[in-house]
Amino acid sequence: MIKPLKAQNILVTGGSRGIGAAIVRRLAYDGANVGFTYSRSDTAAAELTQMLTAEGATVKAYHADAARPQDMPALVDRFIEDFGRLDVLVNNAGVFSGAHIGEIDAAEYKRVMQINVEALFMLTNAAAGAMQAGSRIVNISSVLGERAAVAGLSLYNASKFAVTGFSRSWAQDLGPRGILVNAVQPGPINTEMNPEDGEKADQMKQQTALGRYGQPNEVAGVVAFLAGPDATYITGATVNVDGGWNA
Ligand code: NDP
């Protein structure tokens, strides 16, 4: 059986844990050659690479800290040296931040904007020039990229509004070259960033129509679809994978 992403070379940021690791696994199972970045989780990155390689996939981990956006263009060069071509870029790496306006210090503003926005911009700006017609860019935004659902999240909200906004604008910029750009907006997904247990989590479950958290593989399946052969007429879209949070 031919796998849907066979011979596609895909770069995923923040692939060592959580949603990113589920995306790496799913794309590799679908036949893609996958490079992924990590910053701190060396062991998890090595284990994931080893596990998928043992199953016959081509997978490579890159240490690339998104808190150093200036390093992102070199990452594109390294990936192309290793894989020959970049077909799909999945911008997933991100950090969460919670504090009310008036209480956010400048260093925290810089950290969140560098990782969630500037690195994504620098990487895509370098990658876009190297991509061919038919290529895809998938940006992992958030349901909080279109709605300020609760207080105390303005910094994270603003960073994700930027991710969704860039996605739509880049769809316009790159459409004439046949490159498709979409945003995926997850709702509450069970990861280390947002574990599904506890009082806060129970409140979030109630805010979804389905009354539960999503699992990382439920996001990964949508990313695989947007990267794959059935998504040739979708660009500039924001796909909510949120159990109805933003319904
Ligand atoms: P996790 O914290 O569980 O995992 C984050 C991943 O991003 C890790 O692989 C981590 O790698 C990587 N990462 C973090 N900082 C950096 C950095 N400076 N440089 C490179 N990689 C980095 O988060 P999730 O899996 O939950 O989140 C993934 C994405 O999904 C994020 O963009 C997040 O905003 C978004 N999202 C998540 C939701 C949720 O409910 N979980 C909801 C909506 C959106 P390492 O450990 O090696 O640093």
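Of the residues in the stretch 137-173, how many are hydrophobic (A, V, I, L, M, F, W, C) and open to solvent by less than 20 Å² (accessible area, probe 1.4 Å)?
First, the residues of the stretch 137-173 that are hydrophobic (A, V, I, L, M, F, W, C): 137-138, 140, 143-144, 148-151, 153, 155, 158, 161-163, 166, 170-171.
Of the ones still in play, those that are also open to solvent by less than 20 Å² (accessible area, probe 1.4 Å) are 137-138, 140, 143-144, 155, 163, 171.
The number of residues fulfilling the criteria is 8.
All of (1) of a type outside the set (A, V, I, L, M); (2) farther than 22 Å from SER135 by Cα; (3) within 18 Å of the chain's Cα centre (by Cα) hold for GLN185 with one exception: (2).
Within the stretch 233-240, is even one residue closer than 16 Å to ALA149 by Cα and either at pLDDT 95 or above or open to solvent by 10 Å² or more (accessible area, probe 1.4 Å) (or both)? Yes, because at least one residue in the stretch 233-240 is closer than 16 Å to ALA149 by Cα and either at pLDDT 95 or above or open to solvent by 10 Å² or more (accessible area, probe 1.4 Å) (or both).
Taking the stretch 188-241 as the range and being closer than 17 Å to LEU27 by Cβ and acidic (Asp, Glu) as the test, the residues that pass are GLU218, ASP230. Considering only the stretch 91-119, state which residues are part of a helix (DSSP H, G or I), within 9 Å of the ligand (Cβ to nearest atom) and surrounded by 19 or more Cβ atoms within 10 Å (Cβ to Cβ). Of everything in the stretch 91-119, those that are part of a helix (DSSP H, G or I), within 9 Å of the ligand (Cβ to nearest atom) and surrounded by 19 or more Cβ atoms within 10 Å (Cβ to Cβ) turn out to be GLN114, ILE115, ASN116, ALA119.
If you go through the stretch 31-54 and keep only what is touching a helix residue (DSSP H, G or I) at 6+ places or on another chain (Cβ under 8 Å), under 20 Å from ASP82 (Cα atoms) and open to solvent by 20 Å² or more (accessible area, probe 1.4 Å), you end up with ASN33, TYR38. State all residues of the stretch 208-232 that are open to solvent by less than 70 Å² (accessible area, probe 1.4 Å), within 12 Å of the ligand (Cβ to nearest atom) and in contact with a Lys or Arg (Cβ under 8 Å, 6 or more places away or on another chain); if no residue qualifies, say none. Those that are open to solvent by less than 70 Å² (accessible area, probe 1.4 Å), within 12 Å of the ligand (Cβ to nearest atom) and in contact with a Lys or Arg (Cβ under 8 Å, 6 or more places away or on another chain): TYR213, ALA220, VAL223. Of all residues in the stretch 55-90, how many are away from the ligand (no atom under 11 Å from the Cβ) and either open to solvent by 50 Å² or more (accessible area, probe 1.4 Å) or part of a helix (DSSP H, G or I) (or both)? Count: 17. Selection within the stretch 176-206: residues that are without any contact (Cβ under 8 Å) to a residue 12 or more places away in the chain and among the acidic types (Asp, Glu). The member of this set that is farthest from the ligand (Cβ to nearest atom) is GLU199.
The values are calculated or read from the model by the stated rules, or taken from the named source; none is laboratory data. Please read these numbers as outputs of a predicted model, since none were measured by experiment. When we count neighbours, we look across all protein chains shown, and the Cβ atoms used for this are built from the backbone with ideal geometry, even at glycine. Heavy atoms of the whole protein, side chains included, go into the accessibility calculation; ligands, DNA and RNA do not. Shrake-Rupley method; radii C 1.70, N 1.55, O 1.52, S 1.80 Å.
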